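Remarks on the structure that follows.
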Amino acid sequence: KSAAIVGDVMGKFHPHGDTAIYDALVRMAQPFTLRQPLVDGRGNFGSPDGDSAAAMRYTEARLQKLADEPLVELAKKAVAFRPNYGGRLFEPIVLPARFPNLLVNGSQGIAVGMATSIPPHNLSEVIQACVALIDEDLTTKQLMKFVKGPDFPTGGELISSKNELAAAYEHGHGSLKLRGEWKTESPRSGNPSIVIHSIPYSVERSTVVEKIAEVIIARKLPVLLDVRDESTDDCRIVCEMKKDADPQLIMAYLYKNTPLQTNVQVNLTCLVPTANPEVSAPQRLGLKAILRHFLDFRMEVVTKRLQFELDQLLK
């Protein structure tokens, strides 16, 4: 049960409220929030419509297979440990992660007056960029042959130029335009429709439907007749229109006047290592610097793991 996990975490590692811990668990199980969910949840873990998860006493959770990758080397003394807040147990200072989760699943947050907003990325692209950076010292633009841009779990079309993307990855901050994708459908009988099959990241589906409905009710777009949410696991918002309507003009209006088009802020502020292994310092990094820090960390982890295995063999 999720309640048992939350109790364990609160009692051993995290001296904060159960709500904060459960919210973090729920977020890690949502396929519409994380590009690669780390928790496999059973029960109601919320929806893209903004519904909240069921209480922790009703839901169950276990780790996804991918979540083994940040943990698998813990037993081989690959990272430093420190006493937990109660001083009775030990906890790792960092996890010996085998993939850069910071880029793959992104991060949102604010602390000590500094905000971070890292969009999610494609796991395969990020790993290919890491391998290429091991082989030779590449520039940010060369790394972008592998990391084409953010990869959002809810889909959407990125309409920012390559120069805007390159500037965001080079300097660690920028603003990218993201909008939902659509297609037209013409049934044998009845009116043709526009089907929106992806929406911008972190926009609630119910909000999009409400805003389109407000446009129809106020008759701001007379050629638009009705809107229905036919979504299941996949997004499907159906907008019925008149037979002679121009779908391009309708969508141009909806992009401008509803949350179907949003700006995604990119702010690659990360915690980077200092001389003291227990203390990290916030710093805004570019794409190359983030990957370089990750590779240096992996070199350290692999060296310690091999040293541990060698010591065991010698013993």
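The values are calculated or read from the model by the stated rules, or taken from the named source; none is laboratory data. It should be emphasised that the depicted structure is a prediction, and the values quoted were computed from it without experimental measurement. So basically every Cβ, Gly included, is an ideal-geometry build from the backbone, and we count neighbours across all protein chains shown. Note: areas computed on protein heavy atoms with side chains; ligands, DNA, RNA excluded. Shrake-Rupley method; radii C 1.70, N 1.55, O 1.52, S 1.80 Å.
Numerical summary
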quantity: Highest-first arrangement of 10-16, 203-209, where packing means the average Cβ count within 10 Å; calculated: 203-209, 10-16
quantity: Residues of region 89-122 with amide N under 13 Å of a point placed 7 Å along Cα→Cβ from residue 16; calculated: 108-112
quantity: Other-chain or far-sequence residues with amide H under 5 Å of residue 175's (modelled H); calculated: 266
quantity: Heavy-atom SASA rank of 138, 249 (probe 1.4 Å, accessible area, largest first); calculated: 249, 138
quantity: Relative counts (whole %) of C-alpha pair distances in region 74-174, using bins that are 10 Å wide; calculated: 12, 33, 31, 16, 6, 0
quantity: Accessible-area composition of the chain, carbon plus sulfur, in percent [1.4 Å probe]; calculated: 53 percent
quantity: P(r), alpha carbons of region 192-259 - 5 Å bins starting at zero, rounded %; calculated: 3, 17, 31, 29, 14, 5, 1
quantity: Computed lengthening from residue 145 to residue 313, 0.36 nm per intervening residue step minus Cα-Cα distance; calculated: 56.2 nm
quantity: Cα-projected label distance for residue 297 with residue 189, points at 7 Å along beta-carbon direction, nm; calculated: 6.1 nm
quantity: Rounded to the nearest 20 debye, dipole of region 156-214 from Cβ charges on Lys, Arg, Asp, Glu; calculated: 180 debye
quantity: Helix-only mean residue ellipticity at 222 nm for the chain, each DSSP H run of n ≥ 4 adding -39500 (n - 2.57), per residue, nearest 500; calculated: -10500 deg cm²/dmol
quantity: Of 277, 92, 153, the one that fluctuates the most in a GNM where the chain has Cα springs shorter than 10 Å; calculated: 277
quantity: Cβ charges +1 (Lys, Arg) and -1 (Asp, Glu), total dipole of region 239-311, debye; calculated: 220 debye
quantity: Stokes-Einstein diffusion coefficient of region 1-123, Kirkwood radius over Cα pairs, 37 °C, 0.692 mPa s, in µm²/s; calculated: 207 µm²/s
quantity: Heavy atoms of residue 179 accessible to a 1.4 Å probe, total area in Å² rounded to 10; calculated: 60 Å²
quantity: Sites residue 161 and residue 88 - FRET efficiency at Förster radius 45 Å, r taken between beta-carbons, to 0.05; calculated: 0.25
quantity: With Cα atoms, 0 to 90° folded angle of helix 123-135 axis to the chain main axis; calculated: 50 degrees
quantity: Alpha-carbon Debye profile of region 167-315, log10 I(q)/I(0) at 0.12, 0.14, 0.16 Å⁻¹; calculated: -0.68, -0.77, -0.88
quantity: Degrees separating the helix 162-171 axis from the principal Cα axis of the chain, which is the longest one; calculated: 30 degrees
quantity: Region 75-212 - charge dipole about Cα centre, Lys and Arg +1 at Cβ, Asp and Glu -1, debye rounded to 20; calculated: 320 debye
quantity: Kirkwood hydrodynamic radius (C-alpha pairs) into Stokes-Einstein, region 41-111, 10 °C and 1.306 mPa s, D in µm²/s; calculated: 104 µm²/s
quantity: Accessible area of the chain divided out per residue, in Å², using a probe of 1.4 angstrom; calculated: 56 Å²
quantity: Highest average packing first - 161-174, 34-47, Cβ atoms within 10 Å; calculated: 34-47, 161-174
quantity: Links that overshoot a 23 Å alpha carbon limit, given the list 148/256; 65/141; 65/183; 145/288; 220/243; calculated: 148/256; 65/141; 65/183
quantity: Contour minus Cα-Cα distance for residue 136 and residue 271 (0.36 nm per residue); calculated: 46.1 nm
quantity: Reachable lysines from residue 315, criterion Cα separation under 19 angstrom, eight or more residues apart if same chain; calculated: 76, 77, 304
quantity: Over the chain - Rg/Rh using Cα atoms and the Kirkwood inverse-distance radius; calculated: 1.03
